[in-house]
Amino acid sequence: MFSSVKPYENQRYASLKKECQRRKQLFEDPLFPANDDSLFYKSRIQGIQWKRPKEICNDPHLFVDGISSHDLHQGQVGNCWFVAACSSLASRESLWQKVIPDWKEQEWNPEKPESYVGIFHFQFWRFGQWLDVVIDDRLPTLHNQLIYCHSNSRNEFWCALVEKAYAKLSGCYEALDGGNTADALVDFTGGVSEPIDLTEGDYIADEAKRNLLFERVLKVHSRGGLISCSIKATSAADMEARLDCGLVKGHAYAVTDVRKVRLGHGLLSFFKSEKLDMIRMRNPWGEREWNGPWSDTSEEWQKVSKSEREKMGMTVEDDGEFWMTFEDFCKYFTDIIKCRLINTSYLSIHKTWEEAVLHGAWTRNNDPLKNRCGGCINHKDTFLQNPQVELNRNYRMHTLQQKVASSIYINSRSVFLRTDLKEGRYVIIPTTFDPGHVGEFLLRIFTDVPSDCRELMLDEPAHTCWSGMCGYPQVVSQIHVLAAAGLKNQDSQGGADPYVIMKCEGQKVRSPVKKNTVSPEFDVKGLFYRKKPGQPIIVQIWNHNLISDEFLGQVVLTGDPGDRQSVHTLHLQDKGNRRSNDLSGTIAVKLLSSNILTNV
């Protein structure tokens with residue numbers, strides 16, 4: 001939220017404003033002029049006039065009676081997605097004050113009319129940083145009416161000005177036609193958007209799953225996140241078609257409240273403690289509401305006390321805002337977008353996440369070892385020619401490993417994946433669907449513990465001036481420890497807490513501890529670049545104890561380059577040449593070795 005802000009197109013608000021005040025002239029933005037190029041890239045509307053707020057009304061203001069979700073109305077461009085995001089933003093003071101910085105200083109001051117020079121600035125989060133976007137106050141009108149986003153009050157202009165700054169960032173106003181609410185929510189917050197397909201998840205039929213989703217939506221809302229929802233349109237004719245229940249297809253709604261509503265009246269409602277999961281939404285049109293159960297005038301509201309209705313902000317107006325039960329919500333709506341602000345503060349009482357941020361790019365090169373746009377897993381020959389990110393590994397992966405999680409390919413600016421992974425080493429591969437596509441990307445990773453991940457740049461150890469004296473790797477070996485069985489019992493419950501250590505030429509890889517088992521499944525891999533292929537690879541199993549760990553046995557492997565991924569089940573042996581040759585238990589390992597260092 002509070003990272004440094006970069007001036008967009010190097011336009012600095014303070015210095016531009018000061019210069020205009022010195023010259024006693026109104027600001028005219030040369031980078032977003034008052035002409036058709038700033039409005040359209042293909043369409044045209046005749047008769048548009050650009051006017052400053054004081055030409056539209058007598059007493060213009062940024063805010064009239066504060067800022068509210070009810071302020072906004074969609075105009076003649078199909079940007080309900082943007083207006084819905086603005087409605088959500090307006091309900092969060094800490095968020096809109098970031099997007100609209102220094103709002104008191106930017107507000108019209110009737111006591112100092114000479115200080116106003118028609119310049120504003122707004123801030124949006126793009127590609128990992130906040131951008132400060134400067135605009136002038138000339139707005140497109142038709143018959144002296146704003147043609148795009150406008151407020152209930154004719155003299156309130158915050159939403160029209162924010163929209164203009166966002167249009168400038170996007171290229172023109174028409175570029176806002178038919179966008180994605182998730183993008184605007186992220187741009188307003190720097191948060192992470194998670195889209196959920198309610199139909200695919202079958203939330204209406206699965207009550208337990210629906211209840212869990214409600215708790216997650218409630219948590220995002222209560223912790224300051226923004227939420228939007230929509231009903232998927234299946235055809236062009238379906239777009240913005242109104243259903244009998246009053247809802248509109250292909251149209252973005254802002255979620256303005258989520259809560260458990262107490263039913264009943266008086267003390268009985270507290271003792272009975274019956275609550276209903278409910279959600280409130282707003283149509284960016286400022287009208288056309290849900291007319292089913294719990295709509296503004298429905299009799300269901302008699303089940304709720306007057307004080308509870310007041311606490312909920314319940315009104316009976318055709319203002320586009322309405323309540324639904326979460327069950328009905330899952331029945332009618334098909335998509336919901338949660339934009340959460342990921343908590344990375346160590347001072348918080350809530351769960352803290354560790355964040356890693358990496359900038360990368362898909363780039364094209366005729367050399368397969370330098371190409372970085374390999375496409376999806378369908379293209380097995382080129383898939384690993386994508387950027388790779390990992391913590392422990394030093395060199396790029398050249399053979400496919402087991403896939404543990406994957407997001408879907410979607411025509412969207414951002415892709416989200418939530419997954420639970422056991423402790424271990426993973427390679428993250430950002431990829432486009434088809435090979436050959438180039439572009440930059442931002443990868444944000446949030447984990448329970450620090451991931452410290454970084455992009456893998458090298459394909460093999462580099463040749464240096466020391467290679468002749470210190471040696472250069474001759475063989476690369478990957479050891480995959482699958483499992484062990486029949487280990488020695490270590491406690492009265494008949495279990496053990498085993499872990500694996502793989503060692504070769506001074507390098508070491510250690511697995512996580514497996515709790516209370518004598519037949520652990522390890523599924524851990526170690527990769528060694530070996531300068532002395534004659535030296536063995538040693539795989540040991542240890543038992544974790546509070547004071548001193550205990551050796552349970554080991555196997556010694558040669559890592560012959562001719563050994564290609566065969567599974568070996570070996571009896572554990574003691575260290576060195578001790579007489580007690582075989583210890584209790586076996587270990588299953590796979591080996592992959594090659595004289596070509598870019599084969600693994």
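The values are calculated or read from the model by the stated rules, or taken from the named source; none is laboratory data. Just so it is clear, the structure is predicted and the values come from calculations on it, not from any experiment. Methodologically, a virtual Cβ is constructed for each residue, glycine included, from the backbone with ideal geometry; neighbour enumeration extends over all protein chains shown.
Below, the figures for the structure above:
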item: Check on Phe127, more than 26 Å from Val248 (Cβ to Cβ) and buried (at least 20 other Cβ atoms within 10 Å of the Cβ); result: no
item: Residue, modelled with the highest pLDDT, within the range 76-87, restricted to residues that are crowded, with 22+ Cβ neighbours inside 10 Å and not in a helix (DSSP H, G or I); result: Asn79
item: Criterion violated by Lys209 - all others in (1) buried (at least 20 other Cβ atoms within 10 Å of the Cβ); (2) at pLDDT 95 or above satisfied; result: (1)
item: Pairs with Cβ under 6 Å, 6+ apart, first in the range 351-380 and closer than 17 Å to Met397 by Cβ, second at pLDDT below 95 and assigned to a loop (DSSP other than H, G, I, E, B); result: Leu369/Asp459
item: Candidate set: the range 322-336, residues that are assigned to a helix (DSSP H, G or I) and acidic (Asp, Glu); chosen: the one nearest to Lys232 (Cα to Cα); result: Asp328
item: Residue count, the range 88-125 (criterion: in a strand (DSSP E or B) and either over 22 Å from the mean Cα position of the chain (by Cα) or among the basic types (Lys, Arg) (or both)); result: 4
item: Selection count where residues are in contact with a Leu (Cβ under 7 Å, 6 or more places away or on another chain), assigned to a loop (DSSP other than H, G, I, E, B), in contact (Cβ under 8 Å) with a residue 24 or more places away in the chain and not small (Gly, Ala, Ser), scope the range 519-574; result: 2
item: Filtered residue count, the range 482-518, keeping only those that are outside any strand (DSSP E or B), surrounded by 15 or more Cβ atoms within 10 Å (Cβ to Cβ), more than 36 Å from the chain's Cα centre (by Cα) and of a type in the set (D, E, K, R); result: 3
item: Matching residues in the range 281-334 - criterion: being among the aromatic types (Phe, Trp, Tyr) and closer than 19 Å to Val255 by Cβ; result: Trp285, Trp290, Trp294, Phe322, Trp323, Phe326, Phe329, Tyr332, Phe333
item: Unmet criterion (only one of (1) small (Gly, Ala, Ser); (2) crowded, with 18+ Cβ neighbours inside 10 Å; (3) out of contact with any strand residue (DSSP E or B) (no Cβ under 7 Å at 6 or more places or on another chain)) for Ala252; result: (3)
item: Scope the range 22-75; condition modelled with pLDDT of 95 or more and aromatic (Phe, Trp, Tyr); matching residues; result: Phe27, Phe32, Trp50
item: Pair list, Cβ < 8 Å and 6+ apart or interchain, from the range 273-285 residues that are free of Cβ contacts under 8 Å to residues at least 24 places away in the same chain to residues that are not in a strand (DSSP E or B); result: Glu274/Leu263; Lys275/Leu263
item: Residue in the range 411-429 that is farthest from Lys515 (Cα to Cα), counting only those that are loosely packed, with under 12 Cβ neighbours inside 10 Å and in contact (Cβ under 8 Å) with a residue 40 or more places away in the chain; result: Arg418
item: Failed item in (1) touching a Lys or Arg at 6+ places or on another chain (Cβ under 8 Å); (2) over 27 Å from Glu455 (Cβ atoms); (3) crowded, with 16+ Cβ neighbours inside 10 Å, with Asn343 passing the rest; result: (2)
item: Failed condition for Gly118, given (1) of a type outside the set (Val, Ile, Thr); (2) surrounded by 18 or more Cβ atoms within 10 Å (Cβ to Cβ); (3) at negative phi; result: (3)
item: Within the range 19-65, tally of residues that are over 39 Å from the mean Cα position of the chain (by Cα) and of a type outside the set (Lys, Arg); result: 13
item: Number of the condition not met by Asn378 [criteria: (1) in contact with a helix residue (DSSP H, G or I) (Cβ under 6 Å, 6 or more places away or on another chain); (2) assigned to a loop (DSSP other than H, G, I, E, B); (3) not β-branched (Val, Ile, Thr)]; result: (1)
item: Candidates Val316, Val389, filtered to the one that is touching an Asp or Glu at 6+ places or on another chain (Cβ under 6 Å) and within 20 Å of Ile445 (Cβ to Cβ); result: Val389
item: Matching option when the condition is charged (D, E, K, R), assigned to a helix (DSSP H, G or I) and farther than 25 Å from Ser94 by Cβ, among Glu215, Glu174, Glu200; result: Glu174
item: Qualifying residue in the range 19-33 (condition: among the aliphatic types (A, V, I, L, M) and over 29 Å from Glu93 (Cβ atoms)); result: yes
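Quick grid of which residues meet (1) more than 24 Å from Gly506 (Cβ to Cβ); (2) among the β-branched types (Val, Ile, Thr); (3) at pLDDT below 90; (4) surrounded by fewer than 15 Cβ atoms within 10 Å (Cβ to Cβ):
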position	(1), (2), (3), (4)
Phe528	no, no, no, no
Glu550	no, no, no, yes
Gly559	no, no, yes, no
Asn577	no, no, yes, yes
Ser580	yes, no, yes, yes
